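Participant: I have a structure I would like to understand better, so I am pasting it below and will then ask my questions one at a time.
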Amino acid sequence: LLFLLATMARLSVVIACLVVFAINLTLFVYIPIVQRTAQLHAQNLANASPNAHIAGSFSQQQQQQEKRQEQEQQEQQIGQREEKVAEVPPGNEAEVDINPEDEPKLEKDSDVFEGPFTPESFIARTSLAKTVYDGPKTQRNQAEDMNKTKIVGFITGTYGKIGMRWYDRLQTLGYNNHYIVCTDEETFANFQTNFPEYRVELSVLPPFPPKFINLRYGKKMRHQVKMLFAHRWVYMLDQLKQGNHILVTDVDNIFSSYHSTEELERSEFDVFHALETKHPVDVYDLQGFVFCGGMGWFRASKPTIRFIEEVVHRCGIECDDQVLLNRIIAYVLHMEWHRSGDEHDTVTTQTKDTAKKVKVFGSHFKRIEGLITNGFTGYSNSTGVKVSVWDRDFAYRGKNDPSECPANNWVSMPFVVFVSRWQAPSSKLGSYDLWDKTCPNPYTKLIGGKEKKIYKAIDFR
């Protein structure tokens with residue numbers, strides 16, 4: 001019995017030792033192995049490729065795709081001029097640029113303020129809301145202020161050839177006060193090194209905002225264009241304060257005859273505007289006309305400077321300057337328009353061409369129906385700016401190949417169609433040839449009917 005009890009005691013000790021050993025094995029070996037394995041697994045997940053993670057999560061990928069589609073739909077409703085996708089008949093590479101139906105009447109104008117556009121919110125943000133001008137109503141130049149108009153066109157590198165053609169055309173017509181304003185140093189250096197015969201100035205755009213870097217090409221280019229639109233008003237304000245009058249034009253504006261800028265300087269007006277079509281629609285619905293943001297003459301006078309200061313202040317780093325300019329004129333300047341009532345009496349090329357619809361234009365002709373055709377004048381009670389508006393045929397805005405050419409034409413701003421923004425420079429370059437072919441003019445007579453320089457062949461890098 002004693003022997004049996006002693007044996008059981010020994011077995012109990014052995015079992016106790018085995019239990020202690022098992023506990024120690026679990027605490028010091030197995031648990032650390034599990035913890036280490038978990039750490040390695042977590043580390044591998046952290047180091048995994050984001051793209052692989054997204055690819056493995058269909059629901060997350062689908063959510064992101066839906067979010068992108070929603071953002072694109074919202075951006076299309078803002079009224080931005082995205083590339084027009086259309087079937088272009090052969091030989092019609094340059095006719096129409098945008099469809100007016102893509103521009104809603106009350107679009108969200110995020111360049112000017114946050115939220116939907118309303119006249120009240122727009123006026124509330126201006127420093128001219130309660131300003132009353134009490135200075136002289138006529139800003140005639142004195143003799144020492146004559147011959148101080150600078151004709152300027154702004155370009156980036158992709159528009160170098162168009163800028164050259166714009167410049168050469170003005171030179172051939174007899175102008176010697178026109179300048180290409182380069183908005184990047186590379187284009188400016190290219191002109192100085194390889195094309196020194198051109199008068200160029202450098203006015204560099206602000207740095208491109210990082211938040212736009214990864215946008216697709218069309219949207220990214222649109223922001224760059226709007227930055228150029230904003231910057232040219234900064235340049236103009238600086239020039240006006242230096243005493244230079246400014247005739248600002250887009251480089252795809254086609255000058256066809258010579259009219260001395262002294263005619264503008266001798267006038268009683270501070271500003272000359274060119275009539276546009278119907279964008280922005282809210283301004284057109286309010287007053288029956290809108291002005292072009294890329295064609296106008298501005299006198300170096302105090303009323304003009306105050307006016308342009310408001311444009312620069314409201315525009316910021318980027319804006320659709322045509323929208324902003326027209327809204328300032330319509331809602332802020334307290335304009336008194338002096339109209340004779342015959343603005344619609346003359347049937348111009350634009351109204352006649354509304355009957356000639358082809359597939360590529362579609363409803364585009366709604367944009368040019370019922371437009372004012374004759375010029376008129378006006379006066380701003382808040383800045384003192386005295387305004388004159390050119391006749392529509394003198395500063396033409398319409399088809400690139402009209403059925404009837406405008407009479408007494410100085411400059412044309414034709415609609416240009418392009419399938420994508422990649423094709424915009426070449427299409428706008430070709431718009432010169434189509435215009436001269438359709439509407440022979442004093443310039444075509446000077447060059448003998450055929451352009452001697454082949455601009456498409458120029459190596460502009």
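The values are calculated or read from the model by the stated rules, or taken from the named source; none is laboratory data. Predicted model, so just to flag it, every value in this text is computed and none were measured. Cβ coordinates were reconstructed from backbone atoms using ideal geometry, including for glycine residues, and neighbour counts include every protein chain displayed. The area values use the complete protein model at the heavy-atom level, side chains included, leaving out ligands, DNA and RNA. Shrake-Rupley method; radii C 1.70, N 1.55, O 1.52, S 1.80 Å.
Participant: Excluding ligands, DNA and RNA, what is the solvent-accessible area per residue of the stretch 196-336 at a probe of 1.4 Å, expressed in Å²? Write down the numbers at each step before the final one.
Facilitator: Values: 4660 Å² over 141 residues.
Value returned for the stretch 196-336: 33 Å² of accessible area per residue.
Participant: Order the peptides 289-295, 171-177 from the highest to the lowest mean number of other Cβ atoms within 10 Å of their residues.
Facilitator: 289-295, 171-177
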